[in-house]
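What follows is a set of notes on a single structure, which appears directly below.
The values are calculated or read from the model by the stated rules, or taken from the named source; none is laboratory data. Just so we're clear, the structure is a prediction, and the values are computed from it rather than from any experiment. Here Cβ is always computed from backbone atoms with ideal geometry, including for glycine, and neighbour counts include all displayed protein chains. Surface accessibility is based on the protein's heavy atoms, side chains included, excluding ligands, DNA and RNA. Shrake-Rupley method; radii C 1.70, N 1.55, O 1.52, S 1.80 Å.
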Amino acid sequence: MTKVQLYKKELAELLADIDDPKIMKLFLTDLFTYAEYEDFGLRLQIIKMLETGTPQRRIAKDLGVGVATVTRGSTMLKNTKGGFKKILGSYYE
């Protein structure tokens, strides 16, 4: 395993151990820049809107993002083995 893979594994394990939403928010605010944190929030909204059947161009317009950004989200959502389907599907049901 490379160093970067170990770092990603450590981050995933650390995030999984945080069970308090307030602490999680503080941690994410410290970990990411404002723009990075904002982008993650937008990505979540893209996925939620795609799940409800909202057209990609409508999502791009409503959220002020590029169609390519929405398309990437759509591609990731189609990956049945990916995290979006495993986590978000059950979280928002």
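Here are some notes:
- The chain, accessible surface, carbon-and-sulfur percent (1.4 angstrom probe): 59
- Probe 1.4 Å, accessible area per residue of the chain, Å²: 80
- Expected 222 nm ellipticity per residue - DSSP helices of 4 or more, -39500 (n - 2.57), all of the chain, to 500: -21500 deg cm²/dmol
- Of the trypsin sites (Lys or Arg not before Pro) found in segment 49-83, the ones in coil according to DSSP and having at most 10 other Cβ atoms within 10 Å of their Cβ are LYS81.
- When the residues VAL65, VAL4 are ordered by accessible surface, computed with a 1.4 Å probe over the protein chains alone, the sequence from largest down reads VAL4, VAL65.
- Loop-located chymotrypsin sites (Phe, Trp or Tyr not before Pro) in segment 30-93 (DSSP state other than H, G, I, E, B) with a sparse environment of at most 16 neighbouring Cβ atoms within 10 Å: PHE32, TYR92.
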